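The values are calculated or read from the model by the stated rules, or taken from the named source; none is laboratory data. Predicted model only: the values in this text are computed from it and were never measured. In this analysis, Cβ positions are derived from the backbone assuming ideal geometry, glycine residues included, and neighbour counts consider all displayed protein chains. Heads up: the accessible areas ignore ligands, DNA and RNA and are worked out on the full protein's heavy atoms, side chains in. Shrake-Rupley method; radii C 1.70, N 1.55, O 1.52, S 1.80 Å.
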Amino acid sequence: KKVINSHFCESLTSFGAKKIVLSGPSGFLGSRVLEQLLQAHTIRTSSGVAAGEIVLLSSSPGRLMERLYRKYGPTKMHTVRASRVDYYTQHDHQTWKDQLGSLGLEGEDCVFVNLAAVAGPKPGIPDAMMDVNYHAARAAAVACQQLQFGHWIQSSTQATNAERGGQVPYSRAKAMIDFSLRQLAGGPMAVTIACLGLLYSKAGSIGQEKAAGLNLIDIALLPLTPIMGCGSAPLQPQEVDDAAERIVFLALSDPALRPVQNTTPPNGKCRTKFDSGLDVAAEGERDSAEEQHRAGYVALSAIKLPKSNYRFYDAVGPETMTMLEMLHQFAICHGNNRFTPVHIGYRNMEKIVNIKSLGNLNRQFVSLLRSEQDSAAPIIGDPSVWEDLTFEPGTRKLVRLEQAFEANLAKGGPNKYRRARRFPFGLTAQWVWRNPRVVLPGLALSIEIIQSYLASLWSRRGKGGRRRSLP
């Protein structure tokens with residue numbers, strides 16, 4: 001179990017008890033937030049301080065509570081209750097207001113943590129992403145404002161600022177709710193937006209792990225690892241427990257004490273380019289706050305939004321690496337020392353994820369990945385404020401990728417990892433059996449991977465003088 005650090009523990013007992021409404025409690029991030037909230041309640045109770053309440057919003061609250069009672073037991077769960085919500089249809093703020101009010105959720109000690117999201121299409125629900133990510137969220141936020149909630153915490157995504165962000169339903173809906181929430185921040189309710197990057201788990205999974213049982217870490221364990229495009233898109237992976245801990249801190253603390261993210265980099269320069277992990281800075285200032293934010297240094301709160309109860313954080317990991325570098329690191333940390341990247345196009349992979357997502361590898365991710373690889377100025381977040389959010393500045397940092405998998409280190413020597421995980425071929429076969437329409441594009445993708453690999457071998461031999469060119 002994760003041990004909450006001492007500074008965080010002290011902070012947990014110095015604030016009044018909160019009634020925390022948590023949407024998306026079964027998700028990749030939401031389940032970790034719930035676990036750490038329960039730990040926080042245990043610490044508060046043992047310190048003689050009122051724990052507060054947790055209200056879970058779920059489409060199946062009965063099954064959710066049954067599962068949680070089996071996992072955590074009645075002692076930890078005595079501060080938890082659940083209520084049924086249909087995010088696909090519940091888009092009227094009055095309905096939300098009446099539901100939350102009937103649960104006794106009203107006043108400045110109430111906090112709404114919105115982690116519910118749909119990242120890909122849903123069969124039979126044509127506007128699923130807009131319904132959940134925008135309409136339901138906005139109705140709930142308006143209701144919370146009318147009920148005089150003290151704080152709204154929103155999980156957003158770096159994809160909202162990608163060049164193709166407005167073309168992709170997921171990022172478009174997320175950008176719309178972010179904008180709407182910034183307008184609500186003019187009232188008494190504090191608003192915090194955590195702009196998350198790619199999340200992974202030390203247990204060996206990335207985002208939406210329940211969606212398919214397969215994810216990007218598994219792809220890094222293949223004998224031949226497909227890399228879409230050139231693999232240069234910059235990513236800032238963050239361990240999911242680090243993100244959960246900071247969201248819990250925001251939920252339990254006084255929103256008036258939240259730090260403000262710096263609007264300019266320490267050296268007074270603006271980041272304009274990302275190239276294989278190196279930052280290229282240009283002298284001078286940008287012409288507008290929008291351009292500075294796109295470079296990753298100016299928070300959205302700086303764009304015509306001088307409201308003091310609004311906070312925006314680049315909730316990203318401490319490292320910036322390319323897609324290729326990240327998959328290579330995942331492979332090494334899981335004992336795959338024969339990582340073999342093979343560059344492919346986007347078409348066949350897009351056909352597969354259009355039918356069924358592979359965990360966090362969905363149509364939205366592929367489209368935005370292509371956008372960032374083609375962009376002259378990809379989005380790079382500044383995690384410095386997010387990193388020090390729950391600690392005394394400079395005492396403890398976000399976990400770096402190689403640190404997250406230290407448990408996989410072999411006893412034979414430093415920087416040598418045991419084979420902790422292998423590609424789940426059996427699970428993949430089950431996934432194909434349940435989704436037979438992926439067979440044809442899957443075969444096309446396999447052929448493309450093999451052809452690309454053989455072509456790269458032939459090219460290397462040609463350069464070595466054995467063979468000059470392809471026949």
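Residues in region 386-408 that are open to solvent by 20 Å² or more (accessible area, probe 1.4 Å), more than 30 Å from ARG418 (Cα to Cα) and either under 18 Å from the mean Cα position of the chain (by Cα) or at pLDDT 80 or above (or both): 1 in all. Regarding region 231-246, can at least one residue be identified that is assigned to a loop (DSSP other than H, G, I, E, B), surrounded by fewer than 21 Cβ atoms within 10 Å (Cβ to Cβ) and either at pLDDT below 90 or not small (Gly, Ala, Ser) (or both)? Yes: region 231-246 contains one or more residues that are assigned to a loop (DSSP other than H, G, I, E, B), surrounded by fewer than 21 Cβ atoms within 10 Å (Cβ to Cβ) and either at pLDDT below 90 or not small (Gly, Ala, Ser) (or both). Determine whether region 422-433 contains at least one residue that is in a loop (DSSP other than H, G, I, E, B), open to solvent by 60 Å² or more (accessible area, probe 1.4 Å) and at pLDDT below 85. The answer is yes; a qualifying residue exists.
Residues checked against (1) closer than 30 Å to SER357 by Cα; (2) at pLDDT 95 or above:
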{"position": "GLY48", "(1), (2)": "no, no"}
{"position": "THR75", "(1), (2)": "no, no"}
{"position": "ALA82", "(1), (2)": "yes, yes"}
{"position": "HIS91", "(1), (2)": "yes, yes"}
{"position": "GLN94", "(1), (2)": "no, yes"}
{"position": "LEU103", "(1), (2)": "no, yes"}
{"position": "GLU106", "(1), (2)": "no, yes"}
{"position": "PRO121", "(1), (2)": "yes, no"}
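Within region 343-354, being open to solvent by 50 Å² or more (accessible area, probe 1.4 Å) and either within 19 Å of TRP433 (Cβ to Cβ) or under 23 Å from the mean Cα position of the chain (by Cα) (or both) holds for LYS351, ASN354.
Residue under question is LYS97, and the condition is that it be part of a helix (DSSP H, G or I) and surrounded by fewer than 20 Cβ atoms within 10 Å (Cβ to Cβ); does it hold? In short, no. Give me the residue from region 320-340 that is in contact with a helix residue (DSSP H, G or I) (Cβ under 8 Å, 6 or more places away or on another chain) and closer than 23 Å to GLN364 by Cβ and, out of that set, surrounded by the fewest Cβ atoms within 10 Å (Cβ to Cβ). My answer is MET321.
Applying a threshold of 8 Å to beta carbon distances and a minimum spacing of six or more residues, or different chains, the list of pairs starting in region 41-65 at a residue that is under 18 Å from GLU245 (Cα atoms) and of a type in the set (Val, Ile, Thr) and ending at one that is open to solvent by 30 Å² or more (accessible area, probe 1.4 Å) and assigned to a helix (DSSP H, G or I) reads THR42/LYS76; ILE43/CYS9.
For region 97-128, the tally of residues that are of a type in the set (A, V, I, L, M), under 20 Å from CYS195 (Cβ atoms) and in contact (Cβ under 8 Å) with a residue 60 or more places away in the chain stands at 6.
For GLN148, are the conditions met, namely being open to solvent by 50 Å² or more (accessible area, probe 1.4 Å), farther than 21 Å from ALA315 by Cβ and free of Cβ contacts under 8 Å to residues at least 60 places away in the same chain? Judged against the criteria, GLN148 is a match.
Condition first: open to solvent by 20 Å² or more (accessible area, probe 1.4 Å), closer than 19 Å to SER201 by Cβ and modelled with pLDDT under 85. Can you find one or more residues in region 362-369 that meet it? Yes, that holds for at least one residue. Determine if region 112-119 includes at least one residue that is touching a Cys at 6+ places or on another chain (Cβ under 9 Å), closer than 20 Å to ILE247 by Cα and either assigned to a strand (DSSP E or B) or open to solvent by 20 Å² or more (accessible area, probe 1.4 Å) (or both). Checking region 112-119: at least one residue is touching a Cys at 6+ places or on another chain (Cβ under 9 Å), closer than 20 Å to ILE247 by Cα and either assigned to a strand (DSSP E or B) or open to solvent by 20 Å² or more (accessible area, probe 1.4 Å) (or both). With respect to the conditions (1) β-branched (Val, Ile, Thr); (2) over 20 Å from the mean Cα position of the chain (by Cα); (3) modelled with pLDDT of 50 or more, ILE303 lacks only one, and its number is (3).
For (1) modelled with pLDDT of 95 or more; (2) within 15 Å of LEU250 (Cβ to Cβ); (3) assigned to a helix (DSSP H, G or I), each residue gets a yes or a no:
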position: PHE8; (1), (2), (3): no, yes, yes
position: SER11; (1), (2), (3): no, yes, yes
position: PHE15; (1), (2), (3): no, yes, no
position: SER26; (1), (2), (3): no, no, no
position: GLN39; (1), (2), (3): no, no, yes
position: ALA51; (1), (2), (3): no, no, no
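Scanning region 182-230 for residues that are over 23 Å from SER367 (Cα atoms), modelled with pLDDT of 90 or more, over 19 Å from the mean Cα position of the chain (by Cα) and crowded, with 21+ Cβ neighbours inside 10 Å yields a count of 2. Within the set of pairs 6+ apart or on separate chains, which have a first residue in region 432-445 that is under 15 Å from ARG363 (Cα atoms), a second that is open to solvent by 50 Å² or more (accessible area, probe 1.4 Å) and among the polar types (S, T, N, Q), and C-beta atoms under 9 Å apart? Close Cβ pairs satisfying both conditions: PRO441/ASN354.
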